[in-house]
Amino acid sequence: MFIESNYTEQFEKVDNHCKHLLEQALQGIPAHGAPLTYECFEDLYADATNTDLVFVVEEGAVGHQQEGKTLFHYDAGDLFGMNQAALMPKAKYFAESPVVLRPYKRDDLWNAAMANTTKARQWGDFLIADCGRQNAVVAAMEPEVDRTSLGFATFKPGETIIREGTESDTVYSIVEGHAEVFVKGVKVGEVLEDEIFGALSLLTNSPRTATVVADTRCLVMVVPRHQFEILIKSHPRICLSLMENMARQIVSLNAQVTACRNP
């Protein structure tokens, strides 16, 4: 994905992170036929044969237009067309130069993506990262918006990303770096690249249960509550995957606490 202005090194890292997560999520899911080549098009979904398809860009660039305004362009490694499903705001996709697109049947893709918790988790990671990436686009177009709450944020070693006991309004994923998890001042775990954290408080509508501190310089994807809630409501299997992952983390934490109390 790229925008025509305010393109930064940080946005490039976030963009590459999203494409890496998408590549993982698509592994083992077959395309719907051979790649399609277009010289150009004004509205890809004006062709009825494309109604039930989504596409991954293999070569070239596809513009995304909403309500007559071009927001950004998808380039090689990007997926688009998911929001053409029923009851969702429709976008117009156009290409002004040759492109090669890999097609997928939308329903078949989702069935394969939600076939098991591993795949559901991979798609959850990608969709949450993509929410953050699109927030970064909004921040780039609207300079007056507080960018620390949109898209991504950078933390130096020793800086607190979330603090135990505070109210929760965002979910996070580390794009680059490494962080440590503390409960009541005791280190209980780590957060590695691509891991989602901060979701438990939003799912349970409770204060943060732990403090997360950057151990190295961290580039962190930030997803606001409202976008996370939309994601969970539209893809409940992702919620199940997150809950299973958090349950495993809770079991691990309980084991550590028991070990500390009974040395």
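What the table below lists for this structure:
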| quantity | calculated |
| --- | --- |
| Contacts under 6 angstrom Cβ, first residue in region 35-63 being without any contact (Cβ under 8 Å) to a residue 40 or more places away in the chain, partner of a type in the set (Ser, Thr, Tyr), 6 or more apart | VAL62/TYR74; VAL62/TYR93; GLY63/THR70 |
| Strands (runs of 3 or more DSSP E) completely within region 1-101 that count 1 or more residues being surrounded by fewer than 16 Cβ atoms within 10 Å (Cβ to Cβ), among the polar types (S, T, N, Q) and under 24 Å from the mean Cα position of the chain (by Cα) | 62-66, 69-74 |
| Subset of region 181-204 (residues that are farther than 18 Å from ASP125 by Cβ, surrounded by fewer than 20 Cβ atoms within 10 Å (Cβ to Cβ) and within 21 Å of the chain's Cα centre (by Cα)) | THR204 |
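Every number here is computed from the coordinates shown, using simple stated rules; none is lab data. Here the structure is a predicted model, which is why all the values come from computation and not from measurement. Cβ coordinates were reconstructed from backbone atoms using ideal geometry, including for glycine residues, and neighbour counts include every protein chain displayed.
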